[in-house]
Amino acid sequence: MTPPVNPSRSRRKLLLIAALFALPMLVAYALYYSGWRPEAVHPHGELVQPARPVADAALVLLDGKPMRFSELRGKWTLVTFSAAECLSPCERNLVKVRQVIAAQGKEAERIQSMLIVKDAGTRDWLNYAIKDYPGMRIVTGPADAVTALAREFTLPAGSPLDNLNRIYLVDPLGNFMMSYPADADPTGMRKDLARLLRISQIG
């Protein structure tokens, strides 16, 4: 024989189910009217919108071997421009780039760096300093190729050839998508890259 249904027990079950469904809405209302809002994600760099594909360029490595800019695809790339005599702003950028990459830990292998030398002046400093920046590609012209490549990174603030000492970020598909001014905080750069590496399915 089936035991009789207890009306009060059934009512409690219905009320409990209703409360479970209503709870998320009540929490949402409470948060909304309390003034709480989720923190917006703001990159520390300056986004390029829309991202711009960088045209290929024929370049020359410091040891004289040829390379093309398109060879950088497949990884996130931090690009800087400098004269052959890398002065203090340039050196600070190279140190900053090295630190930002190293701070990514095991994800660091997904990032690479490139210093593009804008002129054919003395390379004594470059040959001396390269040992302090392992993994960084240092490339030169021909001059017309470097000029054309710099044009790809031109912003309202100017061209890389205007001694802006900016750092440019290129995604693994070869798109110029963010840049940082000369006084950029390396902590902010590190956070931007960590976020990109976390959400990216490429590179």
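The values are calculated or read from the model by the stated rules, or taken from the named source; none is laboratory data. These numbers come from a predicted model, not from an experiment. When we count neighbours, we look across all protein chains shown, and the Cβ atoms used for this are built from the backbone with ideal geometry, even at glycine. We work out accessible area using only protein heavy atoms, side chains counted, and drop any ligands, DNA or RNA first. Shrake-Rupley method; radii C 1.70, N 1.55, O 1.52, S 1.80 Å.
Structure values in brief
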item: Anisotropy class of the stretch 75-116 from Cα gyration tensor, a/c 1.5 cut; result: oblate
item: Tensor-based shape of the stretch 99-169 (alpha-carbon gyration tensor, a/c under 1.5 rounded, otherwise prolate or oblate); result: oblate
item: Built amide H within the under 5 Å cut-off of Ser113, gap 5+; result: Leu78, Arg137
item: When each of Lys65/Lys106; Lys65/Lys118; Lys75/Lys118 is checked by Cα-Cα distance, pairs over 25 Å; result: Lys65/Lys106
item: Relative contact order (%) - the stretch 66-175, alpha-carbon pairs under 8 angstrom, separation at least six; result: 40
item: Average accessible area per residue (Å²) across the stretch 78-203 - probe 1.4 Å, nucleic acids and ligands excluded; result: 47
item: Estimated distance in nm for a label pair at Asp144 and Ser88, the labels positioned 7 Å out from Cα along Cα-to-Cβ; result: 3.8
item: FRET efficiency, 1/(1 + (r/R0)^6) with R0 22 Å, evaluated for Glu46 and Asn163 via beta carbons; result: 0.80
